[in-house]
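> The structure's right below; bear with me while I get my questions together.
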């Protein structure tokens, strides 16, 4: 595990966890309003989004809006010791629809698998992100831009994002305090197309 990423992860998680609940709620409301206004969201039918835990941006408002407007909402299912991160459709955020595991993470009780090639838009979580540097494009042709992110260290999201069909928008949701000056980008890392915070 990259020691620089470990240090960034520890520092930023401590900052995020220390913010007051009232700040989290206000920042989350701004971020969700921006997400719902995105043309990519409005045009999408199948939305892939994370079920928030601990001090992450709370995605409840986005999920509830999507369900109320006839969109299909899918969430990741993390399979330990597997390179696959399948996704399942959810139709409710009621607690009765979920198992609660370590760190109070939710897993749907009923799995309704959705093929990855049917996903139209991804909202991704993270611990930290950095302003895009110039990066080699995946095909080695010229230069590409993308938002580097650091997750929780297991690599689930990088493996999932790498398997999406080309062109699916990958948008991060995070608080401005999670921005860092730079992030070391390794070959297995997948950068994001855009970032939404309460600040931008």
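> Would you pick out the residues in the range 77-97 that are at negative phi and at pLDDT below 90?
Scanning the range 77-97 gives 77, 78, 79, 80, 82, 83, 84, 85, 86.
> Now a separate question. Output the residues belonging to the range 145-162 that are free of Cβ contacts under 8 Å to residues at least 60 places away in the same chain and either in a loop (DSSP other than H, G, I, E, B) or under 22 Å from residue 181 (Cα atoms) (or both).
Result: 145, 146, 147, 148, 149, 151, 155, 158.
> Okay, next question. With the checklist (1) touching a strand residue (DSSP E or B) at 6+ places or on another chain (Cβ under 7 Å); (2) buried (at least 18 other Cβ atoms within 10 Å of the Cβ); (3) farther than 26 Å from residue 101 by Cα in hand, flag the one item residue 27 doesn't pass.
Condition not satisfied by residue 27: (1).
> In the range 12-23, which residue that is touching a residue at least 60 places away in the same chain (Cβ under 8 Å) and assigned to a helix (DSSP H, G or I) is surrounded by the most Cβ atoms within 10 Å (Cβ to Cβ)?
12
> State all residues of the range 180-200 that are under 15 Å from the mean Cα position of the chain (by Cα) and either part of a loop (DSSP other than H, G, I, E, B) or crowded, with 17+ Cβ neighbours inside 10 Å (or both); if no residue qualifies, say none.
189, 190, 191, 192, 193, 195, 196, 197
> Name every residue in the range 49-85 that is surrounded by 14 or more Cβ atoms within 10 Å (Cβ to Cβ) and more than 22 Å from residue 196 (Cα to Cα), in order of residue number.
Across the range 49-85, the qualifying residues are 77, 78, 85.
> For a quick check of your reading of the model, give me the residue pairs whose first member lies in the range 174-195 and is closer than 21 Å to residue 51 by Cα, whose second is at pLDDT below 90 and part of a strand (DSSP E or B), with beta-carbon atoms closer than 7 Å and at least 6 apart or on different chains.
191/135
> Sort through 162, 128 and tell me the only one that's surrounded by 12 or more Cβ atoms within 10 Å (Cβ to Cβ) and at pLDDT 95 or above.
Unique residue meeting the criteria: 128.
> Follow-up. Inside the range 72-125, can you point out the residues that are touching a residue at least 60 places away in the same chain (Cβ under 8 Å) and either assigned to a loop (DSSP other than H, G, I, E, B) or over 22 Å from residue 174 (Cα atoms) (or both)?
Selection gives 78, 83, 84, 85, 114, 118, 119, 120, 125.
> Restricting to the range 29-57, count the residues that are within 20 Å of residue 150 (Cβ to Cβ) and either free of Cβ contacts under 8 Å to residues at least 60 places away in the same chain or part of a helix (DSSP H, G or I) (or both).
5
> In the range 163-173, how many residues are part of a loop (DSSP other than H, G, I, E, B), in contact (Cβ under 8 Å) with a residue 40 or more places away in the chain and either out of contact with any helix residue (DSSP H, G or I) (no Cβ under 8 Å at 6 or more places or on another chain) or on the phi > 0 side of the Ramachandran plot (or both)?
Of the residues in the range 163-173, 1 are part of a loop (DSSP other than H, G, I, E, B), in contact (Cβ under 8 Å) with a residue 40 or more places away in the chain and either out of contact with any helix residue (DSSP H, G or I) (no Cβ under 8 Å at 6 or more places or on another chain) or on the phi > 0 side of the Ramachandran plot (or both).
The values are calculated or read from the model by the stated rules, or taken from the named source; none is laboratory data. Treat the numbers as computed from the prediction; the structure is a model and nothing was measured. FYI the Cβ positions are ideal-geometry reconstructions off the backbone, even for glycines, and counts take in every protein chain you see.
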